[in-house]
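Worksheet for the structure shown next.
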Amino acid sequence: MAHLRPARETDLPAIARLSHQTLLLGREGGHAFPSQELWGELFVAPYLRRGCCSLVAEEGEVLGYVLGACSDWALALDLLPRLPRLLLNLLLGHYGPRLPHLHYLLRLLLYPGPKAPKGLYPAHLHIAVRLEAQGQGLGKALLTAFLDCLRAQGVKGVQLSTTRVNQAARRLYRSLGFRLYAKKASPFWAPYLGHPVIHEVWVREL
Ligand SMILES: CC(C)(COP(=O)(O)OP(=O)(O)OC[C@H]1O[C@@H](n2cnc3c(N)ncnc32)[C@H](O)[C@@H]1OP(=O)(O)O)[C@@H](O)C(=O)NCCC(=O)NCCS
């Protein structure tokens, strides 16, 4: 039986692996961003060091996670001082081929998804459950515990980014009281999927 516990910095490799395995709209997308290590340093580590209410579901090993942040500034404070070294290592080839990583990061800057006002919805989250553990209630348990934790910390609202094609995630969010706040067709995923995708931001008051 899986149990939930706060995520720790030592969970970085396991969470980075799962997050990297689901980077392409919930599916495997290693060709878009080959380095799991760099992915973890950029998109996971800041949440473990400066995030809030981040949790894992564990049964011997990590089966799922929710990564949360109550303020973007906190994440930036962790990442910005480390960024020059990470970029240098990327350019020196320490993370494998440079071009796909640079291409992905540049497109991330060029095509930001829609956002809800941070004043009303200051927190945000990312969630994933291992493929073989999906459909057993872990996603719902993680997200419910995450929302309870935010409430206990006095956070007044939370937002998350997803896409129109991610039906399982959208149903989970709707079932826990989130609503679609804004959407925008974005070419961000087009080189990897062959077509643009509707990016969405969902919100929930707490
Ligand atoms: C989205 C995700 C976290 C859901 O986790 P999960 O443990 O499988 O979800 P649960 O078993 O707790 O199910 C919760 C709800 O999600 C929805 N859901 C889950 N799997 C679904 C599926 N395959 N199809 C449709 N809806 C689904 C259902 O509404 C379900 O509630 P219900 O069983 O009462 O109908 C999981 O599918 C996942 O990790 N996907 C890959 C990563 C990802 O896409 N993350 C979100 C990025 S925005």
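For Pro81, the conditions (1) farther than 29 Å from Ile198 by Cβ; (2) in contact (Cβ under 8 Å) with a residue 12 or more places away in the chain all hold with the exception of (2).
Tell me which residues, restricted to the range 106-132, are assigned to a loop (DSSP other than H, G, I, E, B) and within 15 Å of the ligand (Cβ to nearest atom).
Gly113, Pro114, Lys115, Ala116, Arg130 - these are the residues of the range 106-132 that are assigned to a loop (DSSP other than H, G, I, E, B) and within 15 Å of the ligand (Cβ to nearest atom).
Taken over the range 133-152, the criterion of being part of a loop (DSSP other than H, G, I, E, B) and out of contact with any helix residue (DSSP H, G or I) (no Cβ under 9 Å at 6 or more places or on another chain) is satisfied by Gln136, Gly137. Taking the range 169-191 as the range and being modelled with pLDDT of 95 or more, part of a helix (DSSP H, G or I) and either away from the ligand (no atom under 12 Å from the Cβ) or within 21 Å of Arg27 (Cα to Cα) (or both) as the test, the residues that pass are Ala169, Arg170, Arg171, Leu172, Tyr173, Arg174. Would you check which residues across the range 136-162 are more than 7 Å from the ligand (Cβ to nearest atom), farther than 12 Å from Ala123 by Cβ and open to solvent by 10 Å² or more (accessible area, probe 1.4 Å) and list them? Hits for the range 136-162 are Thr144, Ala145, Asp148, Ala152.
Contact map, the range 161-178: first residue more than 23 Å from Pro196 (Cβ to Cβ), second residue open to solvent by 50 Å² or more (accessible area, probe 1.4 Å) and acidic (Asp, Glu), Cβ cut-off under 9 Å, separation 6 or more or different chains; pairs are Gly177/Glu205.
The values are calculated or read from the model by the stated rules, or taken from the named source; none is laboratory data. Bear in mind the structure is a predicted one, so any value in this text is a computation, not a measurement. With ideal geometry, Cβ positions are generated from the backbone for all residues, glycine too; neighbour counts draw on all protein chains shown. Only protein heavy atoms, including side chains, enter the accessible area calculation; ligands, DNA and RNA are left aside. Shrake-Rupley method; radii C 1.70, N 1.55, O 1.52, S 1.80 Å.
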